């Protein structure tokens with residue numbers, strides 16, 4: 001853990017080790033999935049009522065940085081409109097996490113791109 005703290009912020013470690021909103025959502029109103037150039041696959045599930053996201057969950061086969069970015073993103077978009085969720089950028093995720101090593105920034109891009117992927121209405 002001491003080695004991890006040399007590279008990752010406490011917030012990034014917390015979100016990676018204790019992710020929020022992880023899992024697949026039954027009866028989701030929307031779903032998007034992307035496989036990034038690194039090979040990680042990201043899926044985001046949305047439950048929408050009255051134009052607002054009332055629940056968001058994610059699933060990934062990626063690394064701790066992908067998990068942390070996904071967890072933050074799903075926290076950030078709850079109670080937001082879908083148009084507000086589209087504005088969640090890679091930079092915003094990195095800011096919340098206190099940054100990531102250059103080699104892991106692609107994880108925040110993958111999550112941001114998944115949010116912008118046209119959702120399949122289920």
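The values are calculated or read from the model by the stated rules, or taken from the named source; none is laboratory data. Fair warning: this is a prediction, and the values are worked out from it, not measured in the lab. Cβ sites come from the backbone with ideal geometry, for glycine too, and all protein chains shown count toward neighbours.
Could you check residue 28 against (1) in contact with a strand residue (DSSP E or B) (Cβ under 8 Å, 6 or more places away or on another chain); (2) assigned to a loop (DSSP other than H, G, I, E, B); (3) at pLDDT 95 or above and say which number it fails? For residue 28, the exception is condition (3). Of all residues in the range 1-28, exactly one satisfies the criterion of being more than 14 Å from residue 64 (Cβ to Cβ), buried (at least 18 other Cβ atoms within 10 Å of the Cβ) and more than 16 Å from the chain's Cα centre (by Cα), namely 28. Among the conditions (1) out of contact with any helix residue (DSSP H, G or I) (no Cβ under 8 Å at 6 or more places or on another chain); (2) modelled with pLDDT of 95 or more; (3) part of a loop (DSSP other than H, G, I, E, B), residue 20 misses just one, which is (1).
Among the residues of this structure, residue 77 does not count as one that is touching a residue at least 40 places away in the same chain (Cβ under 8 Å) and closer than 15 Å to residue 117 by Cβ. Applying the criterion of being touching a strand residue (DSSP E or B) at 6+ places or on another chain (Cβ under 7 Å) and touching a residue at least 40 places away in the same chain (Cβ under 8 Å) to the residues of the range 83-116, the residue that is nearest to residue 52 (Cα to Cα) is 115.
Annotation note: of 15, 45, the sole residue that is in contact (Cβ under 8 Å) with a residue 12 or more places away in the chain and farther than 18 Å from residue 117 by Cα is 15.
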